[in-house]
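S.K.: Have a look at the structure that comes next, please.
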Amino acid sequence: MSTTTSETPSHKESKGGLEGIVAATTALSKVEGTAGRLIYCGYTIHDLARKTSFEEVMHLLWFGHLPNHKELSDFKLALVAERTMPPMVMQVLRDLPASTEPMDALRTAVSAWGAISIKGHPSIEQALAVTARFPLFLAAFHRLRRGQEPLESRSELDHAANYLYLLTGQVPKDEYIKGLNAYLVLLADHGMNASTFTARVVASTEADIVSAIVAAIGALKGPLHGGAPSKVLDMLNAIGMVDNADSWLHNALAHGERLMGFGHRVYKTEDPRAEELREMSRLADPQGFVLARHVEELALALLEEQKPGRRLYTNVEFYSAVLLAAVGLIGDLFTPTFAMSRVVGWTAHILEQVHHNRLIRPEADYIGPTDLHFLPLSER
Ligand SMILES: CC(C)(COP(=O)(O)OP(=O)(O)OC[C@H]1O[C@@H](n2cnc3c(N)ncnc32)[C@H](O)[C@@H]1OP(=O)(O)O)[C@@H](O)C(=O)NCCC(=O)NCCS
């Protein structure tokens, strides 16, 4: 019979996964699941998605206030100045097999860059330097894996537009820039999500900023966090046309499958980001939008009918997938593009953590034996 020591904390009633546990205080973002609201530093996400650039949101999350004209132009100049790729990092990307997942390539490039570029305590300058390079690393790898040479950034293009340019060599349409900019704004921070928590844990050990970011990229990669959006695209591609939607969705639910892009752990109403992404998707690809909207409406009606009371609504992934596909991204770039946005939230949280640091070191409730009789190796 095993026993536990009297020092072990009692096992509390818990659903696991630290659900409901407050792990930090933050002034960065507030997620209101019942009301369906998301706020960054006091501003509703709807105002930010419609009226600000991703650069303004970077400034907001790192400095705590929206920039004025002068601050914004200085800030943009500083970002553009960081758009450089050390030859060693480019070589690392060239050496990766073309079959490497872009998320792995991004994690590797960030780590290699950090090894030669980052010294000292986390700072806004470091946050800016690493954020500026995410599109470069991703686009360079994407081109190399297709047998194309990486391109030089264009200083007149903002973060979103420059990323699309670096991928394709074309200056993108305004609707694509606007859509991707809104996506980057909307995904930049989201309370104590798993990757942000990961970044804060690493930062709390006084490790460097890049170690915390690399760990966060690892957490984001998993399908329960950022690794699933391309599944929405798979669903829409499998449905193919409006006429197929009803039978396809009925069939999926009859087989106990989950409809991708619906339901959320925190939001028990529509995810506020979905509203913005829906409109951006419509503007970026009016034709493709028709199928997506039809599937969404049917799915919501079916979920209401077949899963009454579960409060299943459109989540951020549904129109993220529609929008990212509309602006020309292929499915395996969705999660690293999410990382390109969320790195701003990660770094803001890292800075917040180190500012009032205390090592994050929770306890485990040991449930194994404590009184086994030890036998030396020769007697086992
Ligand atoms: C996001 C998600 C993991 C949240 O899960 P959760 O809070 O743990 O909710 P649960 O898994 O407890 O689901 C509650 C009920 O709703 C059902 N449900 C939840 N999401 C569903 C979906 N997308 N399609 C069909 N049924 C769904 C579950 O089957 C369950 O039904 P039951 O009570 O008959 O068993 C879940 O809604 C899901 O798997 N969605 C699809 C994948 C997705 O879009 N992921 C991106 C999230 S941003």
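S.K.: Which FRET efficiency value, to the nearest 0.05, is calculated for Leu372 and Glu206 with the Förster distance at 30 angstrom and r the Cβ-Cβ distance? Kindly include the intermediate steps, with their values, before the conclusion.
M.R.: On the way: r = 37 Å, r/R0 = 1.23.
The formula returns an efficiency of 0.25 here.
S.K.: What's the extension gain from Asp104 to Lys70 if we count 0.36 nm per residue and subtract their Cα-Cα distance?
M.R.: Details: separation 34, 0.36 × 34 = 12.24 nm, distance 3.74 nm.
Length difference between fully extended and current span is 8.5 nm.
S.K.: Taking 0.36 nm per intervening residue step and subtracting the Cα-Cα distance, what contour gain separates Asp234 from Asp365 on full extension?
M.R.: The span from Asp234 to Asp365 would gain 43.1 nm if fully extended.
S.K.: Also, I was wondering about something else. Please get the size of the charge dipole for the chain, origin at its Cα centre, with Cβ charges of +1 on Lys and Arg and -1 on Asp and Glu, quoted in debye to the nearest 20.
M.R.: 260
S.K.: Rank these by accessible area, largest first, 1.4 Å probe: Phe374, Phe338.
M.R.: From most exposed to least exposed: Phe374, Phe338.
S.K.: Also, quick follow-up: Taking the chain as a Gaussian network, Cα atoms linked when under 10 Å apart, which of Arg361, Arg293, Arg282 shows the biggest mean-square fluctuation?
M.R.: In this elastic network of the chain, the residue with the biggest mean-square fluctuation among Arg361, Arg293, Arg282 is Arg361.
S.K.: In debye, nearest 20: dipole of the stretch 1-155 around its Cα centre with unit charges on the Cβ of K, R (+) and D, E (-)? Intermediate results must be reported in sequence, preceding the final value.
M.R.: Working: 17 positive and 16 negative charges, 72 e Å.
The dipole of the stretch 1-155 has a size of about 340 debye.
S.K.: Over the stretch 230-326, what number does the Rg to Rh ratio reach, with both radii from the alpha-carbon atoms and Rh per Kirkwood?
M.R.: Here Rg/Rh amounts to 0.94.
S.K.: Once Rh for the stretch 246-290 is found with the Kirkwood sum over Cα pairs, what is the Stokes-Einstein diffusion coefficient at 37 °C and 0.692 mPa s, in µm²/s?
M.R.: Rounded, D is 260 µm²/s.
S.K.: What relative contact order, as a whole-number percentage, does the chain give when Cα pairs under 8 Å and 6 or more residues apart are counted?
M.R.: With pairs under 8 Å counted, the relative contact order is 26 percent.
S.K.: Ok, one more. With the dipole of the chain worked out from charges on the C-beta (+1 for Lys and Arg, -1 for Asp and Glu) around the Cα centre, which of Ala219, Val89, Val344 lies farthest toward the positive end?
M.R.: Toward the positive end, the furthest listed residue is Val89.
S.K.: Grab the Cα-Cα distance for Thr34 and Ser123, subtract it from 0.36 nm times how many residues apart they are, and report the gain in nm with one decimal.
M.R.: Residue separation times 0.36 nm, minus the Cα-Cα distance, leaves 28.6 nm.
S.K.: Sketch the reach of a paramagnetic label on Asp332 as a point 7 Å from Cα along Cα-to-Cβ, and name the residues of the stretch 108-146 whose backbone nitrogen lies under 17 Å away.
M.R.: Only 108-109, 137-146 fall inside the zone, counting backbone N under 17 Å.
S.K.: Also, I was wondering about something else. What are the residues whose amide H is under 5 Å from the amide H of Ser29, where those residues sit 5 or more places off or on another chain and H is modelled from the backbone?
M.R.: Under 5 Å from the amide H of Ser29: Cys41, Gly191.
S.K.: Then there is this: Can you list the residues, at least 5 places off or on another chain, whose amide H is less than 5 Å from the amide H of Arg37, using H built in the peptide plane?
M.R.: Those qualifying (amide H under 5 Å, at least 5 residues apart or on another chain) are Glu32.
S.K.: Considering only protein heavy atoms and a 1.4 Å probe, what is the carbon-and-sulfur percentage of the accessible area of the stretch 230-326?
M.R.: On the stretch 230-326, the fraction of accessible area on carbon and sulfur atoms equals 49 percent.
S.K.: If you don't mind, another one. Tell me, Kirkwood radius of the chain from alpha-carbon pair distances, in Å?
M.R.: Taking the inverse mean of 1/r over all distinct Cα pairs, the chain comes out at 22.3 Å.
S.K.: Ordering Ser281, Ser155, Ser111 by how much accessible area each has at a 1.4 Å probe, largest first, what is the list?
M.R.: Ser155, Ser111, Ser281
S.K.: While we're looking at this one, here's another question. What is the set of long-range amide H partners of Thr44 at a cut-off below 5 Å, with H atoms built 1.01 Å from backbone N?
M.R.: The list, which skips near neighbours in sequence, is empty: none.
The values are calculated or read from the model by the stated rules, or taken from the named source; none is laboratory data. Since the model is a prediction, treat every value here as computed from it, not as a measurement. Here the Cβ is made from the backbone with ideal geometry for all residues, glycine too, and neighbour counts use every protein chain on show. Protein only, heavy atoms only, side chains kept; ligands, DNA and RNA dropped before computing areas. Shrake-Rupley method; radii C 1.70, N 1.55, O 1.52, S 1.80 Å.
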